[in-house]
């Protein structure tokens with residue numbers, strides 16, 4: 001199936017081999033990158049947890065304005081992600097490009113202390129530029145550090161560590177808002193210091209060199225080019241992955257809007273708002289590795305589509321069960337399950353159909369398409385909210401997601417096509 005090249009079929013490995021594979025630790029590179037992502041996500045999620053409330057309640061930004069700003073963040077990250085992936089393959093320096101991305105995100109954090117939409121927008125754009133640069137090279141390093149049959153597990157371990165940071169970030173932001181006189185400024189300042197620590201961990205602990213035989217083998221290969229990168233879409237399997245990621249991204253409402261909808265439906269106190277991402281992060285943390293391993297065993301198509309089905313159910317609960325006492329818990333569980341079933345599964349699927357010398361470019365192509373689609377969704381959802389209200393806007397998104405999931409399920413059906 002397109003979204004799944006499964007782990008070896010019965011008969012291709014002995015039972016002892018499979019047992020050893022189950023208990024074998026992931027590579028040091030994956031663990032080091034997971035640590036970098038953990039620390040960086042503490043910094044990022046500290047800001048993300050308070051930003052929607054700060055913009056809408058503090059600076060008086062309209063839902064349309066917030067949708068535009070949120071979309072710009074995703075759009076900038078998407079456009080730069082392709083550049084980062086190509087550069088990493090071109091110079092054969094995945095750690096170098098990833099380090100530049102992490103460093104840029106850390107350096108722009110002080111701009112968040114400037115009170116004004118212009119400066120804030122510039123800071124967020126620079127932060128997303130850093131994220132775009134680092135994402136594909138980092139995921140390429142992960143995929144190159146694990147055998148094909150354990151790609152899902154490797155990405156699951158990394159995403160679990162990454163999500164630990166996402167879990168801790170809102171807690172830190174909540175504590176700072178409760179005790180610091182500076183309020184939001186204190187959150188932004190501490191976030192910058194934590195981001196710098198993440199860069200330091202990358203420089204000290206993520207391996208950057210390769211053995212001499214590997215370097216000689218690479219030297220014999222042609223350098224990666226943009227033509228070769230875009231030529232990857234000529235293969236049917238990657239083209240299907242790309243198309244379905246874009247299609248589903250067009251109806252994936254951004255996290256910030258989901259949390260705002262939960263707050264509006266339940267009347268959660270504003271001071272507790274930064275804690276909402278904890279629910280998503282906690283479920284993601286618990287399920288990232290199990291669902292990654294499940295995708296390796298049963299196929300990535302089923303897990304990927306099931307994640308979107310969970311997201312659709314969350315939309316339905318927000319629409320038709322606003323008075324349910326358990327609503328915030330159910331929505332956040334489904335939201336976290338969606339990310340656990342898709343965030344690491346998609347790059348693992350891409351890694352299975354892209355050659356090593358173009359690994360970062362292939363991951364970047366699909367990631368860019370998905371992020372640009374979500375950028376369009378943020379703009380459209382913000383405009384629909386401003387024009388019709390949050391209920392009709394969410395109903396339109398839910399209907400679109402249901403239709404797109406059906407199309408994606410048909411497109412990603414099992415096939416014997418070897419491409």
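Is the shape of the range 84-171 rounded, prolate or oblate, going by the alpha carbon gyration tensor and its root eigenvalues a ≥ b ≥ c, with a/c under 1.5 for rounded and a/b larger than b/c for prolate? The shape class here is oblate. Model label points for residue 309 and residue 227, set 7 angstrom from Cα along the Cα-to-Cβ axis, are 4.5 nm apart. Between residue 122 and residue 175, the simple spin-label model (points 7 angstrom out along Cα→Cβ) gives 3.3 nm.
Between residue 275 and residue 357, the simple spin-label model (points 7 angstrom out along Cα→Cβ) gives 5.4 nm. Counting 0.36 nm for each residue step from residue 324 to residue 383 and taking away their Cα separation leaves a gain of 18.5 nm. Sorted ascending by nearby beta carbons within 10 Å, beginning with the fewest, 66, 242 become 242, 66. Each 5 Å bin, from zero up to the one with the longest distance, holds this percent of the alpha carbon pairs of the range 265-419: 2, 8, 13, 18, 21, 16, 10, 6, 3, 1, 0. The length gained by stretching the chain between residue 185 and residue 91 to full extension, at 0.36 nm per residue less their Cα-Cα distance, is 30.0 nm.
Quick note: the coordinates plus some simple rules give every number you see, no bench work behind them. Everything quoted here is computed from the prediction, not taken from an experiment. Please note: Cβ atoms are built from the backbone with ideal geometry, for glycine as well, and neighbour counts cover all protein chains shown.
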